[in-house]
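Peer 1: Please see the structure below; I have some questions.
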Amino acid sequence: MGFADFFKNFKKDERATPQEAPSHWVKCPSCNALTYYKEVVLQFHTCPKCNFHMRISLDDRIALLCDEGSFVEYDKELSPNDPLKFVDKKSYKKRVEEYQKKCGRPSSIVSGECKIEGIEVELVLFDFNFMGGSLASVEGEKIVRAINRAIAKRHPLIIISASGGARMQESTYSLMQMAKTSAALNALSAERLPFISILSDPTMGGVSASFAFLGDIIMAEPGAMIGFAGARVIKQTIGEDLPERFQTAEFLLEHGLIDMIVQRKEMKNVLAQLLEYFKVNP
């Protein structure tokens, strides 16, 4: 047996690399406590030590709020196009394809119909993992279609926002979605159908400047960052220090900009009570 053949008898180390191995511990971004991940999951992705609300995946959000097996997705075929043929470090088309592969969905919004404690609603959710949950032409179209379904079926509408704002790669096309969605919500209001807006971390830019703040009820999760421009930009513009907890859900509640802050574990129950209160006759 040669020297090279000797090493062939050793099996290749098949242990997972640090990148491949799952982490069983979660570090809280707020208090830095290390917690076993199953405990965090059981607490609806909140820190058991300080109650910090971590960002939650879109699928986990659906499982948390919707009656089991009741969610039906619509408009899955809608996918972003590239009206401006935009290119920065890479083409917009290539960037979208990468996020579609990463997230397993065509755009940053999922819209559909579900039941919450037996009450039928139209539900729109943002996926922050898809290009920062940015609002572009396809996302605006999905929201408007959800609003139209709510009007046609006499259903309440719930939109859960998690977005950095309008998508720069579509320029004016994305900015126009602010007006488009707001006009559609005006039609929903004219039909006296309820719209509940839920602001999660973060809700910024053109999303906060349009439909996110047009709800009949505006609720937020604890600690969610909510605003238009970033705090650093505002500080540089006005040349003054900003108040403590500026742009947090708690700050906005104190100043009358939102109606309530709801713990994630209580969200479904609170929504069910509100939907029952606003119940619409078919």
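Peer 1: Using a 1.4 Å probe on the protein heavy atoms only, what accessible surface does Y37 show? Give it in Å² to the nearest 10.
Peer 2: Surface accessible to solvent at Y37 totals approximately 70 Å².
Peer 1: With only Lys, Arg, Asp and Glu charged, each at its Cβ (+1 for the first two, -1 for the last two), find how big the charge dipole of region 141-262 is about the Cα centre; round to the nearest 20 debye.
Peer 2: 680
Peer 1: Each label point is 7 Å from the Cα along the Cα-to-Cβ direction; what then is the distance between the points at C31 and S79, in nm?
Peer 2: Result for the modelled spin labels: 4.5 nm.
Peer 1: Further question on the same structure: Once the whole set of protein chains is in place, how much accessible area is left on K268, using a 1.4 Å probe, in Å² to the nearest 10?
Peer 2: My reading of the accessible area for K268 is about 50 Å².
Peer 1: Taking the dipole about the Cα centre of the chain, with the C-beta of Lys and Arg at +1 and of Asp and Glu at -1, give me whichever of T248, N148, N81 is farthest to the positive side.
Peer 2: Towards the positive end, the residue furthest out is N81.
Peer 1: For the chain, which cysteines have no disulfide-compatible partner, meaning no other cysteine Cβ under 4.7 Å?
Peer 2: Cysteines lacking a close Cβ partner in the chain: C103.
Peer 1: Mind listing the long-range amide H neighbours of I258? Cut-off is under 5 Å, sequence gap 5 or more, other chains count too, H placed in the peptide plane at 1.01 Å from N.
Peer 2: So I258 has HN proximity to L253.
Peer 1: Still on this structure: Considering only protein heavy atoms, with the full assembly of protein chains and a 1.4 angstrom probe, order R192, R167 by accessible area, largest first.
Peer 2: R192, R167
Peer 1: While we're here: Excluding G118 itself, calculate the net charge of residues whose Cβ lies under 15 Å from the Cβ of G118, where each Lys or Arg counts +1 and each Asp or Glu counts -1.
Peer 2: -3
Peer 1: What does the charge count around R192 come to, taking other residues whose C-beta lies under 13 Å from its C-beta (Lys +1, Arg +1, Asp -1, Glu -1)?
Peer 2: 0
Peer 1: Additional query: Using 1/(1 + (r/R0)^6) with R0 = 41 angstrom and r between the beta carbons of N186 and E244, what's the FRET efficiency to the nearest 0.05?
Peer 2: Efficiency, from the Cβ-Cβ distance: 0.70.
Peer 1: Further question on the same structure: Suppose we look only past 31 Å in the calculated P(r) of the chain. What percent of the Cα-Cα pairs does that tail hold? All intermediate terms of the calculation are to be shown ahead of the outcome.
Peer 2: Working: 13398 of 39621 pairs.
When all Cα pairs of the chain are counted, 34 percent exceed 31 Å.
Peer 1: Sorted from largest down, give the three principal axis spans of the alpha carbons of region 177-279, whole angstrom values.
Peer 2: 47, 33, 19
Peer 1: Lys and Arg at +1, Asp and Glu at -1: add these up for the other residues within a Cβ distance under 9 Å of A33 and post the number. Mind dumping the intermediate values first?
Peer 2: On the way: positive: K27, K49; negative: none.
For residues surrounding A33, the net value is +2.
Peer 1: Too long at a 32 Å Cα-Cα cut-off: which of K27/K279; K89/K115; K142/K235; K153/K180?
Peer 2: From K27/K279; K89/K115; K142/K235; K153/K180, over 32 Å: K27/K279; K89/K115; K142/K235.
Peer 1: Could I ask something else about it? Can you run phi through the Karplus equation (6.51, -1.76, 1.60; θ = phi - 60°) for region 175-190 and list ³J(HN,Hα) in whole Hz, with x for Gly and Pro?
Peer 2: 5, 5, 5, 4, 6, 4, 5, 5, 5, 5, 5, 5, 5, 5, 5, 4
The values are calculated or read from the model by the stated rules, or taken from the named source; none is laboratory data. Everything quoted here is computed from the prediction, not taken from an experiment. We place every Cβ from the backbone using ideal geometry, glycine too, and count neighbours over all the protein chains shown. Ligands, DNA and RNA are excluded from the accessible area calculation, which covers all protein heavy atoms including side chains. Shrake-Rupley method; radii C 1.70, N 1.55, O 1.52, S 1.80 Å.
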